[in-house]
Amino acid sequence: MTANETILETKRLVLRKWTDADCSALFEILCDPEVVRNVDDGKPFSLEKTRKFLGAMEKSAQENGFCRWQVVEKTSGELIGTCGFGRIGETNEIELGYLFAQKHWGKGYATEIAGATLDYGFNKLGFREIIALTDLENTASQKVLEKIGFTKRGLEIIGGEENLVFIKKKSDE
């Protein structure tokens, strides 16, 4: 992986490309059961699973020009989470996703970086519509999505699991 190239900046955060050196800091976030309870199988990541995640992000970035990038707090320089895009295999739709270390919940970081990333997707990557998936009980994430202009599309089975699907079209701006 390459050096920390900046994708975008907000007032308090930087969205950057991954480097190999980011694995241990990301692992510290992904090994927290509360952080990952709505991710993948809901189980804490091992160091090996974290390495595989970073490999998948590098592959997505090379093949698609996007991935779930690292979110860094400007004041501390600390890796505090991830935010970015993925492509849902069964529908080929673009999905916005994010997660943060638990100690950074409630600071407005998700709204700040997800909103800026959404704009990046529409204006720099040329997306026409973007979806986001949440578990029914993940009301905090649902509030973030509504704040940045997503609307509920409804309950759908994606990847064999029931999700509440949100959508935002470029024309909604």
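Of note:
Yes/no matrix, rows are residues, columns are (1) surrounded by 14 or more Cβ atoms within 10 Å (Cβ to Cβ); (2) within 15 Å of the chain's Cα centre (by Cα); (3) among the aliphatic types (A, V, I, L, M); (4) assigned to a helix (DSSP H, G or I):
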{"residue": "39", "(1), (2), (3), (4)": "yes, yes, yes, no"}
{"residue": "58", "(1), (2), (3), (4)": "yes, yes, no, yes"}
{"residue": "62", "(1), (2), (3), (4)": "no, no, no, yes"}
{"residue": "71", "(1), (2), (3), (4)": "yes, yes, yes, no"}
{"residue": "82", "(1), (2), (3), (4)": "yes, yes, no, no"}
{"residue": "92", "(1), (2), (3), (4)": "no, no, no, no"}
{"residue": "110", "(1), (2), (3), (4)": "yes, yes, yes, yes"}
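- Cross-chain or 6+ apart pairs with Cβ under 7 Å, the stretch 36-56 first and of a type in the set (Gly, Ala, Ser), then buried (at least 16 other Cβ atoms within 10 Å of the Cβ): 42/36
- Inside the stretch 1-18, residues that are over 17 Å from residue 66 (Cβ atoms) and part of a loop (DSSP other than H, G, I, E, B) make up a count of 4.
- Residues of the stretch 132-159 satisfying the condition of being surrounded by fewer than 18 Cβ atoms within 10 Å (Cβ to Cβ) and either among the polar types (S, T, N, Q) or without any contact (Cβ under 8 Å) to a residue 24 or more places away in the chain (or both): 137, 138, 139, 143, 146, 151, 152, 153, 154, 155, 156, 157
FYI, it's all coordinate maths here, none of it is from the lab. It should be emphasised that the depicted structure is a prediction, and the values quoted were computed from it without experimental measurement. We place every Cβ from the backbone using ideal geometry, glycine too, and count neighbours over all the protein chains shown.
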